[in-house]
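Notes for the one structure printed next.
The values are calculated or read from the model by the stated rules, or taken from the named source; none is laboratory data. All figures in this text were calculated on a predicted structure; none of them were measured in a lab. Please note: Cβ atoms are built from the backbone with ideal geometry, for glycine as well, and neighbour counts cover all protein chains shown. The protein model used for the area step is the full one, side chains on, heavy atoms only, and it has no ligands, DNA or RNA in it. Shrake-Rupley method; radii C 1.70, N 1.55, O 1.52, S 1.80 Å.
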Amino acid sequence: MDGTLVDTERLWWEAVEHVAAGLGRSLTEADEEDVLGRPVEHTAEMLSRATGAPFTEVAADLHREFADRVRSGVVARPGALRLLDALAADGVPTALVTASPRVIADLVVEGLGAGRFAVTVTADDTPRTKPAPDPYLAACRALGVEPASCVAVEDTRTGVSSAEAAGCAVLAVPSLAPIAAAPGRTVRESLEDVTPAGLRDMITTREVPEPSDPSDPSDLTDPSDLPESSDLPGPSDPRELRVMSWNLWFGGTKVRHYREKQLKIILESGVDVVGLQETYGTAARELAEALGWEYHQAGENLGVISRFPITGRLGAADPGFYGGTGVRVTLGPDQDVVLWSAHLDYTPYGPYEASFDGLAGPELADHESVRLGQVREILAAMAPDLAARDTTPVLLVGDFNAPSHLDRDDAEWPVTRAAEEAGLRDSYREAHPDPVRSPGHTWSPIHTEHEDGSGRPEPQDRIDYVLYAGTGLKVLDSRTLVTGAPRTWPDVEDNDWPSDHAAVITTFSLGRVVRSD
């Protein structure tokens, strides 16, 4: 989108340049890899790290500055609209795949004409965005086509890497930074002379590139090393498992059209199993029935939904508002996983006591006793599953209402330590070892100031987790998820994101394990 169809790549650079200047930093050519083709969160993290400014404030400033420039009017790139119209006339379905957030993409699509695109995939719609292959794979799945039958039109090295890692042929039309020609990649100065027939030729005459590192935006990845869309993970022979932990926040009822928004988020994130908290009694059943999935509801507050069969239910039928519940999920022949969803008491809340009351480490640790008791009860119920973790991998997900000992050193934070001592590993911190560079905050996308009206900044912390144990799982990626640009409390009813927590999504590769019956 940006720099390919419309002239927004320059607007994005100008927005970043403006925000950076306000923080006392000048952009240089060396910053291109962290700006061009990157999502807001990536660039915000870079500026936050370089200047010490709070990440959330930098991200909000970038969103605002870029959106203001887009609203003032975008100009289609030369040949872009003519090519889209020619593809439509030729019956070729077209997807828009962008690292921009949904709120920006919708503004641009409205200006270009929503009917021009069969599918739109934004940075909010997949667990990983460019340069990972996820956005292009999601677009191919939505169009019902093989990546090898697609041409991706891109203007940045980051986007080119994403498309080529997915297995698409690439037409590169550089906007601000040069892109070199390569096997399987065609470079043009503009879209003015590009035709549907020319795009077809890029597929039929395509050469297979040499293998390389997809994490390097200047490199290529051999499409033959990647799955075709027909080989993507599915119920019969899963190769990856994508697990989400999500506190629904009163079932989502604080936001208008919350159920539709929840379903959209689950579908577009591509998750397989979701551990739910604050289900409000019926959310697990209603979501599963709408999705055609299976579900387990435990009491009024806890649930699990799964695209795979749930073949066992573990723990008490009604553990109460706080506690844990588990399921056994069968992924394929001789391949199961066990997943527990947990919600621990929120009071007393350690970050408040540390930030507002000035409590020291020993007192903070002592005040974790309620949650520590709850997590120990859950771990005791999980003991048989943990003992069999090398034949049936185990997951514990949920809202712990407690920071991690891996993130903060101002106290012992014994809740996450107890889980670690039981053999569970923190998937997010494994994927992002540096808590300063990647804080992974899940509390709270809508609370920037404390609710008491004092104006005190709300402590931001990582309190939601996807923990795992067992040799059958390997972390490929983990991230927090918030869609759109949520308004802060109490002006939340029209938010796209229907929760007060960020979700956590971890993608695991699955080794072959033998199911223990």
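Are any residues in segment 443-454 under 17 Å from the mean Cα position of the chain (by Cα) and part of a strand (DSSP E or B), and if so, which ones?
Trp443
Answer yes or no: is there a residue in segment 58-78 that is touching a Phe, Trp or Tyr at 6+ places or on another chain (Cβ under 7 Å), open to solvent by 10 Å² or more (accessible area, probe 1.4 Å) and not polar (S, T, N, Q).
Checking segment 58-78: not a single residue is touching a Phe, Trp or Tyr at 6+ places or on another chain (Cβ under 7 Å), open to solvent by 10 Å² or more (accessible area, probe 1.4 Å) and not polar (S, T, N, Q).
Just to be sure before I move on: is Thr391 assigned to a loop (DSSP other than H, G, I, E, B) and either polar (S, T, N, Q) or touching a residue at least 60 places away in the same chain (Cβ under 8 Å) (or both) in the structure I sent?
yes
If you take the residues in segment 105-125 that are open to solvent by 30 Å² or more (accessible area, probe 1.4 Å) and more than 22 Å from the chain's Cα centre (by Cα), which one is modelled with the highest pLDDT?
Checked segment 105-125; the qualifying residue modelled with the highest pLDDT is Ala118.
Of everything in segment 184-194 that's assigned to a loop (DSSP other than H, G, I, E, B) and either of a type in the set (A, V, I, L, M) or open to solvent by less than 60 Å² (accessible area, probe 1.4 Å) (or both), which residue is modelled with the lowest pLDDT?
So, considering only residues that are assigned to a loop (DSSP other than H, G, I, E, B) and either of a type in the set (A, V, I, L, M) or open to solvent by less than 60 Å² (accessible area, probe 1.4 Å) (or both), the one modelled with the lowest pLDDT is Gly184.
Give all pairs with beta carbons closer than 6 Å in which a residue from segment 155-172 that is closer than 9 Å to Ala132 by Cα and assigned to a helix (DSSP H, G or I) meets a residue that is open to solvent by 10 Å² or more (accessible area, probe 1.4 Å) and among the hydrophobic types (A, V, I, L, M, F, W, C); count only pairs at least 6 apart in sequence or on separate chains.
Ala166/Leu137
Pick from segment 384-401 the residues that are surrounded by fewer than 24 Cβ atoms within 10 Å (Cβ to Cβ) and among the small types (Gly, Ala, Ser): which of them is farthest from Leu331 (Cα to Cα)?
Among residues in segment 384-401 that are surrounded by fewer than 24 Cβ atoms within 10 Å (Cβ to Cβ) and among the small types (Gly, Ala, Ser), the one farthest from Leu331 (Cα to Cα) is Ala387.
Scan Ser438, Ser499 and give me the residue that is in a loop (DSSP other than H, G, I, E, B), open to solvent by 10 Å² or more (accessible area, probe 1.4 Å) and closer than 20 Å to Thr126 by Cα.
Ser438
So for segment 370-383 (the condition being open to solvent by 10 Å² or more (accessible area, probe 1.4 Å), farther than 16 Å from Val466 by Cα and part of a strand (DSSP E or B)), does at least one residue qualify?
Checked against the condition, which is being open to solvent by 10 Å² or more (accessible area, probe 1.4 Å), farther than 16 Å from Val466 by Cα and part of a strand (DSSP E or B), segment 370-383 yields no hits at all.
Collect the residues in segment 46-104 that are within 21 Å of the chain's Cα centre (by Cα) and aromatic (Phe, Trp, Tyr), keeping them in residue-number order.
Across segment 46-104, the qualifying residue is only Phe55.
What are the residues in segment 82-103 that are hydrophobic (A, V, I, L, M, F, W, C), free of Cβ contacts under 8 Å to residues at least 60 places away in the same chain and either part of a helix (DSSP H, G or I) or under 13 Å from Thr8 (Cα atoms) (or both), if any?
Across segment 82-103, the qualifying residues are Ala88, Ala89.
Please find, among Leu11, Leu27, the residue that is touching a Phe, Trp or Tyr at 6+ places or on another chain (Cβ under 9 Å), open to solvent by less than 40 Å² (accessible area, probe 1.4 Å), outside any helix (DSSP H, G or I) and farther than 21 Å from Gln460 by Cβ.
Leu27
Among residues belonging to segment 30-44 that are open to solvent by 30 Å² or more (accessible area, probe 1.4 Å) and either in a loop (DSSP other than H, G, I, E, B) or touching a His at 6+ places or on another chain (Cβ under 8 Å) (or both), point out the one that is farthest from Val151 (Cα to Cα).
The selected residue is Asp34.
In segment 441-454, how many residues are open to solvent by 40 Å² or more (accessible area, probe 1.4 Å) and in contact with an Asp or Glu (Cβ under 9 Å, 6 or more places away or on another chain)?
4
Which residue is most open to solvent (accessible area, probe 1.4 Å), if the candidates are limited to segment 455-491 and must be polar (S, T, N, Q) and not in a loop (DSSP other than H, G, I, E, B)?
If we take residues in segment 455-491 being polar (S, T, N, Q) and not in a loop (DSSP other than H, G, I, E, B), then Thr480 is most open to solvent (accessible area, probe 1.4 Å).
Looking at this structure, is Leu47 touching a helix residue (DSSP H, G or I) at 6+ places or on another chain (Cβ under 6 Å), part of a loop (DSSP other than H, G, I, E, B), at negative phi and free of Cβ contacts under 8 Å to residues at least 40 places away in the same chain?
When the stated conditions are applied, Leu47 does not pass them.
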